[in-house]
Amino acid sequence: MNKIISKHFYSENVAEIVVEAPLIARSRKAGHFVIVRVDKNGERMPLTISDADVENGTITLVVQRIGVSSSKLCALDAGDVIADLVGPLGKATAIRNYGTVVCACGGVGAAPMLPIAEALKAAGNRVISVLAGRSKDLIILEEEVRAVSDEVIIMTDDGSYGEKGLVTQKLQELIDAGNQYDAVIAIGPIPMMKFVSLTTKPAGIKTIVSLNPIMIDGTGMCGGCRVTVSGKTKFACVDGPDFDGHEVDFDELMRRNTSHKAQETHDREHCRLRGAHNG
Ligand code: FES
């Protein structure tokens, strides 16, 4: 059991949760994630570690309220406990001095990106971060990202903050203007990572994406997180979560990730009705 130390909402549906996990705090590296089970019967939910405090023995997770489990997690408060939390899992992000790196974040993708941008900066890279979201309330961690970036570009779909438009439009514009980039790291919704990869491919820019498919055991045993990369089956939990964006079969990944949607909608409605009934 892991105790929640604090929780605060960045926006209506995005919460930052600090959890007691001293061993994970000590060994985690940028790119690592944990699998959380909110209660005994809960599903397993992969969440990237966005920060850690070794002294206080805590890790920071950012959760977007989209399904039943994430809603349950967002409903917990400081002092409550999570049934179990396993990690750190996955391979740490390959940090090296690439030169100039664009860190493209879609929505809550800024949370897993933050430790990566920080490590890239510490390795001597010039870090250009793009924070993108549908609207202003989905732009999170701006101050923290600014602190570890040489330049920050904000994009919103509706123009409510920063420049109006998609991250891919901005990237294309920057590439067309003759800017040289040595690597792009993209973390966000699957379509966003797909289109970032399609944008960088013709320019031959190395592109790393961080995949977050459905996960169950997180140890490479169940096959739940399988993805096709360079025509071969990989398990995101042990071979990833980072992969070469130019080699990922995003269409297959999108199909697999939406295959549980009907069940998820049913479960969410069931929880809502039960809450209304009990309340
Ligand atoms: Fe089971 Fe990756 S979550 S193989």
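The values are calculated or read from the model by the stated rules, or taken from the named source; none is laboratory data. Note that the structure is predicted; figures quoted are calculated from it, not measured. As a convention, Cβ positions derive from the backbone with ideal geometry for all residues, glycine included, and neighbour counts pool all protein chains shown.
As an exercise: evaluate SER71 against (1) in contact (Cβ under 8 Å) with a residue 40 or more places away in the chain; (2) part of a strand (DSSP E or B) and give the number of the one condition it does not meet.
Of everything listed in (1) in contact (Cβ under 8 Å) with a residue 40 or more places away in the chain; (2) part of a strand (DSSP E or B), SER71 misses just condition (2).
If you scan the stretch 155-197, which residues turn out to be free of Cβ contacts under 8 Å to residues at least 24 places away in the same chain and within 22 Å of the chain's Cα centre (by Cα)?
GLY165, GLN169, listed by residue number.
Does GLY107 meet the test of being under 14 Å from the mean Cα position of the chain (by Cα) and within 16 Å of the ligand (Cβ to nearest atom)?
Numbers: under 14 Å from the mean Cα position of the chain (by Cα): yes; within 16 Å of the ligand (Cβ to nearest atom): no.
It is false that GLY107 is under 14 Å from the mean Cα position of the chain (by Cα) and within 16 Å of the ligand (Cβ to nearest atom).
Look at the stretch 89-104 and say how many of its residues are small (Gly, Ala, Ser), part of a loop (DSSP other than H, G, I, E, B) and either crowded, with 21+ Cβ neighbours inside 10 Å or in contact with a Phe, Trp or Tyr (Cβ under 6 Å, 6 or more places away or on another chain) (or both).
Step one: filter the stretch 89-104 for residues small (Gly, Ala, Ser), giving 90, 92, 94, 99, 104.
Next cut, part of a loop (DSSP other than H, G, I, E, B) only: 90, 92, 94, 99.
Those left that are additionally either crowded, with 21+ Cβ neighbours inside 10 Å or in contact with a Phe, Trp or Tyr (Cβ under 6 Å, 6 or more places away or on another chain) (or both): 90.
Residues that pass the stated criteria total 1.
Would you please list the contacts, defined by Cβ atoms under 8 Å and residues six or more apart or on different chains, that run from a residue in the stretch 41-57 that is more than 23 Å from VAL145 (Cβ to Cβ) to a residue that is buried (at least 16 other Cβ atoms within 10 Å of the Cβ) and of a type in the set (Val, Ile, Thr)?
Pairs that qualify, where the first residue is more than 23 Å from VAL145 (Cβ to Cβ) and the partner is buried (at least 16 other Cβ atoms within 10 Å of the Cβ) and of a type in the set (Val, Ile, Thr), are GLU43/VAL68; ARG44/ILE35; ARG44/VAL36; MET45/ILE35; MET45/VAL36; MET45/VAL38.
Looking at ALA52 and the list (1) touching a Leu at 6+ places or on another chain (Cβ under 9 Å); (2) part of a strand (DSSP E or B); (3) at pLDDT 90 or above, which single condition is not satisfied?
With respect to (1) touching a Leu at 6+ places or on another chain (Cβ under 9 Å); (2) part of a strand (DSSP E or B); (3) at pLDDT 90 or above, ALA52 is out only on (1).
Of all residues in the stretch 6-28, how many are surrounded by fewer than 18 Cβ atoms within 10 Å (Cβ to Cβ) and in contact with a strand residue (DSSP E or B) (Cβ under 7 Å, 6 or more places away or on another chain)? Before you say what the answer is, go through the steps one by one.
Within the stretch 6-28, the first condition is being surrounded by fewer than 18 Cβ atoms within 10 Å (Cβ to Cβ), and the residues that meet it are 6, 8-9, 11-13, 22-23, 26-27.
Then drop every residue that is not in contact with a strand residue (DSSP E or B) (Cβ under 7 Å, 6 or more places away or on another chain), which leaves 6, 8-9, 13, 27.
Within the stretch 6-28, residues that are surrounded by fewer than 18 Cβ atoms within 10 Å (Cβ to Cβ) and in contact with a strand residue (DSSP E or B) (Cβ under 7 Å, 6 or more places away or on another chain) number 5.
Inside the stretch 31-49, can you point out the residues that are away from the ligand (no atom under 16 Å from the Cβ) and either at pLDDT 90 or above or within 21 Å of the chain's Cα centre (by Cα) (or both)? Don't jump to the end; show me each part of the working.
So in the stretch 31-49, the residues away from the ligand (no atom under 16 Å from the Cβ) come out as 38-41, 49.
If the condition is that a residue be away from the ligand (no atom under 16 Å from the Cβ) and either at pLDDT 90 or above or within 21 Å of the chain's Cα centre (by Cα) (or both), then VAL38, ILE49 are the ones that fit.
Within the stretch 143-188, restricting attention to residues that are among the basic types (Lys, Arg) and over 11 Å from ILE128 (Cα atoms), which residue is modelled with the highest pLDDT?
Taking the stretch 143-188 as the starting set, the residues that turn out to be among the basic types (Lys, Arg) are 146, 164, 170.
Keeping just the survivors that are over 11 Å from ILE128 (Cα atoms) gives 164, 170.
Numbers: LYS164: 94, LYS170: 90.
That would be LYS164.
Of the residues in the stretch 227-253, how many are touching a strand residue (DSSP E or B) at 6+ places or on another chain (Cβ under 9 Å), within 16 Å of the ligand (Cβ to nearest atom) and assigned to a strand (DSSP E or B)?
From the stretch 227-253, those touching a strand residue (DSSP E or B) at 6+ places or on another chain (Cβ under 9 Å) are 227-230, 233-250, 252-253; that's our starting set.
Within this subset, residues satisfying the condition of being within 16 Å of the ligand (Cβ to nearest atom) are 227-229, 233-243, 248, 252-253.
The next check asks that each one be assigned to a strand (DSSP E or B); those that pass are 227-229, 233-235, 242-243, 248.
Looking only at that region, the number is 9.
Taking the condition exposed (fewer than 14 other Cβ atoms within 10 Å of the Cβ) and not in a helix (DSSP H, G or I), does GLY224 pass? So that I can check it myself, show each step before the final result.
Numbers: exposed (fewer than 14 other Cβ atoms within 10 Å of the Cβ): no; not in a helix (DSSP H, G or I): yes.
Spelling it out, it is not the case that GLY224 is exposed (fewer than 14 other Cβ atoms within 10 Å of the Cβ) and not in a helix (DSSP H, G or I).
Which condition from (1) surrounded by 15 or more Cβ atoms within 10 Å (Cβ to Cβ); (2) within 16 Å of the ligand (Cβ to nearest atom); (3) modelled with pLDDT under 85 is the one that SER259 breaks?
(1)
Might you check whether a residue that is over 23 Å from LEU138 (Cβ atoms) and either polar (S, T, N, Q) or out of contact with any Asp or Glu (no Cβ under 9 Å at 6 or more places or on another chain) (or both) occurs anywhere in the stretch 161-169? Break it down stepwise before answering.
Our first condition is that a residue be over 23 Å from LEU138 (Cβ atoms); within the stretch 161-169, this holds for none.
No, the stretch 161-169 contains no residue that is over 23 Å from LEU138 (Cβ atoms) and either polar (S, T, N, Q) or out of contact with any Asp or Glu (no Cβ under 9 Å at 6 or more places or on another chain) (or both).
Give me the residue from the stretch 206-223 that is closer than 20 Å to GLY188 by Cα and at pLDDT 85 or above and, out of that set, farthest from the ligand (Cβ to nearest atom).
Among those that are closer than 20 Å to GLY188 by Cα and at pLDDT 85 or above, it is LYS206.
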